[in-house]
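Notes follow once the structure below has been shown.
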Amino acid sequence: MFARGMSVERTNEHQFIAAIERLSAVLRSLQWNAAYAEGLYPLQLQVLMLCAARRGRALAPTGLAAELNVSAPTMSDTLAALERKGLIERKPNPEDRRGVFVLLTAQGERVLERVRTWDAPLRYALEQVPLPHRELGYEALLQLLKQLYLRGVITMPRMCLTCRWLHYDERSVTTPYFCQLLNIELAPLDLRVECPEHEPVEP
């Protein structure tokens, strides 16, 4: 029974968020266990994974702090610990003598290789979900990330839905998504959360 005065729409929103929270708890548990097995804190593993995702692109400490939603002092301590472990290196920014870039070391890559299967239980579970449901769920999550960005809750996600190269046409008989940079159609599950060619949509 719904509480008197509670709309079905609002109930659905709460249920959606509750489901995301359940998934988040699973993700945290899997990721934290993988981090602890390597003698790392979860935030340290997240930094390594983000550096790997942006391979070839230098990351500044301030950018890392913003993307992982932690304070600058917390990120500074995290980077210092990773540097002592030999997992990252900080190099001077040639355009700013006071700035530095964070790069993954070969040892850091080896750590990520050892923990790369941390999400295997979730990937297996996803494989059991029918493809149409996976597509709808993925699109909903991407739209949610986009809305959080538009409201200033998170930094710019480097994903297709915030990229100027993505063209959307709901009248298409195959897929509504088309990448104008690569000149290819994109099925819903082809949309990227992290794209090296991402260019923000102009205001």
Q) Looking only at region 157-171, which residues are in contact (Cβ under 8 Å) with a residue 12 or more places away in the chain and loosely packed, with under 13 Cβ neighbours inside 10 Å? A) R164
Q. For R110, are the conditions met, namely being free of Cβ contacts under 8 Å to residues at least 60 places away in the same chain and assigned to a strand (DSSP E or B)?
A. no
Q: Just need a number here: residues in region 178-203 that are under 19 Å from L150 (Cβ atoms) and either surrounded by 12 or more Cβ atoms within 10 Å (Cβ to Cβ) or in contact (Cβ under 8 Å) with a residue 24 or more places away in the chain (or both).
A: 10
Q: Determine if region 143-151 includes at least one residue that is outside the structural domain of R54 (by TED's automatic domain parsing), surrounded by 13 or more Cβ atoms within 10 Å (Cβ to Cβ) and in contact with a His (Cβ under 8 Å, 6 or more places away or on another chain).
A: no
Q: Return only the number of the condition from (1) in a helix (DSSP H, G or I); (2) in the same structural domain as H14 (by TED's automatic domain parsing); (3) not basic (K, R) that F101 does not satisfy.
A: (1)
**Q.** Filter result for the condition that a residue is modelled with pLDDT under 95 and out of contact with any Pro (no Cβ under 8 Å at 6 or more places or on another chain), over L82, L87, L50, L40
**A.** L50
Q. From the set of residues in region 22-67 that are assigned to a loop (DSSP other than H, G, I, E, B) and basic (K, R), which is surrounded by the most Cβ atoms within 10 Å (Cβ to Cβ)?
A. R54
**Q.** Positions within region 84-96 being closer than 17 Å to A52 by Cα, loosely packed, with under 13 Cβ neighbours inside 10 Å and without any contact (Cβ under 8 Å) to a residue 24 or more places away in the chain, in sequence order
**A.** G86
Q: Would you point out which residue out of A81, A106, A120 is over 24 Å from N33 (Cβ atoms) and surrounded by fewer than 17 Cβ atoms within 10 Å (Cβ to Cβ)?
A: A106
Q | Odd one out for F178, checked against (1) more than 21 Å from I20 (Cα to Cα); (2) touching an Asp or Glu at 6+ places or on another chain (Cβ under 8 Å); (3) part of a loop (DSSP other than H, G, I, E, B) | A | (3)
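The values are calculated or read from the model by the stated rules, or taken from the named source; none is laboratory data. All values derive from a computational prediction rather than experimental measurement. Note: ideal-geometry Cβ built from the backbone for every residue, glycine included; neighbour counts use all protein chains shown.
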